[in-house]
Ligand SMILES: [Zn+2]
């Protein structure tokens, strides 16, 4: 299994690693990585992987069927051998924007108290689909104001690890049925926004900023009907 360095420190941009395997499509599997593999609506990271004077541009990072993190080269070319030492460097501008957008999705979740059915990070922000009764759909400008207040308050974002058993005993923390909490390794990471998670508290394996002020001001770009009760709320960086 690849050790996920970004779960301990999302701000880490580089790392040394060892090649475990090259898969049959030329994807590179390492013993550790700072690259986030696409999951939960957040795109996989881009960057470079360097070895012996070569620098391979990484187009994206994905999970394979066995849950290995696969670094996908942007083009064909020389690949490192299994056992080789490599140096990783993230495309930080894209990753940092994704961290801001991802943390913003936690604030949206915390502000709209209805079941979540899906979501995605986009280039200018992100969106979440909720099941909201017709007469309780939030007002766009009120929602913009509420979320911007949470951002301006610069709430700290922290995390702590709990066991899979503790997670099972606290199912109420799970906000969405479409994204399963990152369980299976014996421990789950709880992400808290505000002191003791007063703003938001949920299991999450994604990448977050250290405090909500880093997100910067946003606007609610749209609230669209996607079904009888389903509403898609789109947020954009202002
Ligand atoms: Zn998260």
Would you mind calculating the relative contact order of the stretch 112-238 from Cα pairs under 8 angstrom and at least 6 residues apart, reporting the percent as a whole number?
-> 32 percent
Whole Å is fine, so just give me how far the alpha carbon centre of the stretch 71-142 lies from that of the stretch 38-68.
-> 15 Å
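Can you pull a Stokes-Einstein diffusion coefficient for the chain at 4 °C (1.567 mPa s), Rh from Kirkwood over Cα pairs, as a whole number of µm²/s?
The estimated diffusion coefficient comes to 69 µm²/s.
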Mind pulling the angle between the C-alpha long axis of helix 140-152 and the longest principal axis of the chain? Nearest 10 degrees, somewhere in 0 to 90.
-> 60 degrees
Could you tell me how many degrees, from 0 to 90 and to the nearest 10, lie between the Cα long axis of helix 92-111 and the main elongation axis, the longest principal axis, of the Cα atoms of the chain?
-> 30 degrees
From the square roots a ≥ b ≥ c of the eigenvalues of the alpha-carbon gyration tensor of the stretch 11-114, which class results: rounded (a/c under 1.5), prolate (a/b over b/c), or oblate?
-> prolate
For the stretch 1-70, what does the alpha-carbon gyration tensor say about shape, rounded, prolate or oblate, given a ≥ b ≥ c as the root eigenvalues, a/c under 1.5 as rounded, and a/b over b/c as prolate?
-> rounded
Please state the relative contact order of the chain as a whole percent: Cα pairs under 8 Å, 6+ residues apart?
-> 18 percent
Mind running the shape call on the stretch 121-238? Use the C-alpha gyration tensor, a ≥ b ≥ c as the square roots of the eigenvalues: rounded below 1.5 for a/c, prolate if a/b tops b/c, oblate otherwise.
-> oblate
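Since every read-out is calculated from the coordinates, none of them should be taken as a lab result. Bear in mind the structure is a predicted one, so any value in this text is a computation, not a measurement.
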